[in-house]
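The values are calculated or read from the model by the stated rules, or taken from the named source; none is laboratory data. As the structure is a prediction and not an experimental result, all values here were calculated from the model. Backbone-built Cβ (ideal geometry, glycine too); neighbour counts: all protein chains shown. Surface areas here come from the heavy atoms of the whole protein model, side chains and all, with no ligands, DNA or RNA. Shrake-Rupley method; radii C 1.70, N 1.55, O 1.52, S 1.80 Å.
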Amino acid sequence: MQLVVARIGRAHGIKGEVTVEVRTDEPELRLGPGAVLTTDPASAGPLTIETGRVHSGRLLLRFEGVRDRTAAEALRNTLLIADVDPAELPEEPDEYYDHQLMDLDVVLADGTEVGRITEITHLPSQDLFIVERPDGSEVMIPFVEQIVTEIDLQEQRAVIDPPPGLIDDRAEIASARDEETDASEEPGTGSQNTGDAG
C-alpha cells in the first residue's frame, strides 16, 4: 500500500535542503536518512533522503543529488509516498495509521451519526479529523483522547464526546441570526426557536 507521508515545501538555504509538511505520525521511521520515497508527480522521483533535521519546529530534508536551492525549489509541492505493508501496525496500541482511520464513521456515544472521516491533517500540536457531515458540510475534530473516546476498527467507527460548539457551531450561528430578527427571544435558546429562519 502506498501512503503519502509528506509534502515538500520551500527550499531552505542554498545547499538543497527543503522544508516538509509531515503527514505521518512516524516521521523518524518514514522520513529517516536512507529512506527511498516515490513521488507525485512521479517524474520528480524516486527520492532518497540523505539528511534530516528539525529547525524552528519544522523538519528539513536533503535528498541525494539535490545540491542547490534551484534544484530544491523545483521539488516544491511534490508529495512523498512510502510503501507500507497494509498489515503493519504502529508500535503503540493507541496509535493508528491514516489509512486505518480514513472512511471511519464518526458517531456520538449514543450512536448519533456525525459523519465520515475524509481526511486527516497533521499539525504540530495535534492531528485533526476532517469529517464530512451527511449534508455535505465539513467539521474539524481534534484527534485527542478527551474528544475521540474510542476507535473501533472492527466496527469501522470513531466515537466522539465533543465539547459544546465543536460540531453544532452551525446551529449556533443560525440561531444567532434568528435572535437578530426576533429581539424578543432570549440569547442562547438555540434550536428551541420556533420562528422560521426565513
ask   = Once the piece of chain linking GLU28 and GLU145 is laid out straight, how much longer is it, given 0.36 nm per residue of separation minus the C-alpha distance between them?
value = 39.8 nm
remark   = The simple spin-label model distance between GLU113 and ARG53, using points 7 Å out along Cα→Cβ, in nm, is 5.2 nm
message = Using the basic label-point model (7 angstrom from Cα toward the beta carbon), what is the GLU155 to ALA42 distance in nanometres?
response = 4.2 nm
task = Leaving out ligands and nucleic acids, note down the accessible area per residue over segment 1-134 with a 1.4 angstrom probe, in whole Å².
result = 55 Å²
query = From the phi of every residue in segment 101-111, what ³J(HN,Hα) in whole Hz does the Karplus formula 6.51 cos²θ - 1.76 cosθ + 1.60 yield, where θ is phi - 60° and glycine or proline is x?
reply = 8, 4, 6, 5, 6, 9, 9, 7, 4, 8, x
note = The ratio Rg/Rh over the Cα atoms of segment 118-162, Rh being the Kirkwood inverse mean 1/r radius, stands at 0.97
note = segment 1-143 -> Rg/Rh from Cα coords, Kirkwood Rh, value 1.03
